[in-house]
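First comes the structure, then the notes that go with it.
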Amino acid sequence: MRISFHCQVYSRCRARLVLLHADEATLQKFRLLKKEDIKASTAVLRPNTPGSTTLQLSWIWHSRMPTRQPFWNVSDPLHHKQFLPELFSVKRVHWLRARAQTQRWREECILVRYEMQWTVRYFMHKSKAWQSALTSGRPLTAGAAAYADRKVVMWRQLALISDKSFKNTNVHYESPL
């Protein structure tokens, strides 16, 4: 109820600024208030809610608080300071979430680089395993030898193709071949 009242007051004041032909900088500072701008965020109360990491703060939270006493509240010189702890709390939560997400993505980039190398190494390991089956000295039938030979070539081709693809997609990729 109080939020809707303050939204109406703000919207009327902004409309008067437009009627008074306020300059573009002033209108940019006092933007048009939309319904999604005043939507409440429960990220502070429930930080583990799925999808809360992609939550964007409204432009209202990025607005600057007045540094001097506002002219509309002469009786209370600390009026604007009552909102500062809440504002900092919300901004701190969102900053910490953004920082954690950045760290997760950095870690993911490192892991993907290693997983690329592990994939190529696994393919080469399988190729060598089939090659050792061919050269182990155990007698193989012609069909089994042909099958093992095809597997050697297949795993080696997979290693070469994946290595080439990883080089083309990741500049930090170091080939294990």
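We did not get these values from a lab; they are worked out from the coordinates using the rules stated. Keep in mind that this is a model prediction, so the values were computed, not measured.
The alpha-carbon of residue 151 sits under 21 angstrom from the alpha-carbons of these lysines, leaving out residues fewer than 8 places away in its chain: 126, 128, 164. Listed by chain and number, the lysines whose alpha-carbon sits under 23 Å from that of residue 34, ignoring those within fewer than 8 places in the same chain, are 91.
Residues in region 123-133 carry Karplus couplings, in order, of 4, 5, 4, 5, 4, 5, 5, 5, 5, 5, 5 Hz; the curve used is 6.51 cos²θ - 1.76 cosθ + 1.60 with θ = phi - 60°, and Gly or Pro positions show x.
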